[in-house]
């Protein structure tokens, strides 16, 4: 999964899609996921990185990440 190249993001969790004019905000973990996607990290590396940094259950995080990525696709944030 890759973030579309024209997507603007901020360290505060603001996401802007200039193609649609839509803007979104996300929490701290969502912001880190977006940054990892911008660096073109594969899903396995995203899971590894977030689970190492936060006290989260890996199985639950994998489900949550799938949901989050699905939302990003629905909002045309991902290619």
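Restricting the range 27-41 to residues that are in contact with a strand residue (DSSP E or B) (Cβ under 7 Å, 6 or more places away or on another chain) and crowded, with 17+ Cβ neighbours inside 10 Å leaves a set whose member that is farthest from residue 56 (Cα to Cα) is 37.
None of 55, 67 is at pLDDT 95 or above and either exposed (fewer than 15 other Cβ atoms within 10 Å of the Cβ) or in contact with a helix residue (DSSP H, G or I) (Cβ under 6 Å, 6 or more places away or on another chain) (or both) except 67. If the requirement is being outside any helix (DSSP H, G or I), in contact with a strand residue (DSSP E or B) (Cβ under 6 Å, 6 or more places away or on another chain) and in contact (Cβ under 8 Å) with a residue 24 or more places away in the chain, which of these qualifies: 24, 16? The unique qualifying residue is 24.
Annotation: residue 36 fulfils all but one of (1) touching a helix residue (DSSP H, G or I) at 6+ places or on another chain (Cβ under 6 Å); (2) over 18 Å from residue 10 (Cβ atoms); the unmet one is (2). Taken over the range 1-13, the criterion of being free of Cβ contacts under 8 Å to residues at least 24 places away in the same chain, touching a strand residue (DSSP E or B) at 6+ places or on another chain (Cβ under 7 Å) and either under 19 Å from residue 43 (Cα atoms) or in a strand (DSSP E or B) (or both) is satisfied by 8 alone. Determine whether residue 3 is surrounded by 15 or more Cβ atoms within 10 Å (Cβ to Cβ) and at pLDDT below 95. When the stated conditions are applied, residue 3 passes them. Each residue in the range 34-62 was checked for being assigned to a helix (DSSP H, G or I), within 29 Å of residue 18 (Cα to Cα) and free of Cβ contacts under 8 Å to residues at least 12 places away in the same chain, and 2 pass. The number of residues in the range 17-26 being more than 14 Å from residue 68 (Cα to Cα) and surrounded by fewer than 16 Cβ atoms within 10 Å (Cβ to Cβ) comes to 6.
The values are calculated or read from the model by the stated rules, or taken from the named source; none is laboratory data. All values derive from a computational prediction rather than experimental measurement. Methodologically, a virtual Cβ is constructed for each residue, glycine included, from the backbone with ideal geometry; neighbour enumeration extends over all protein chains shown.
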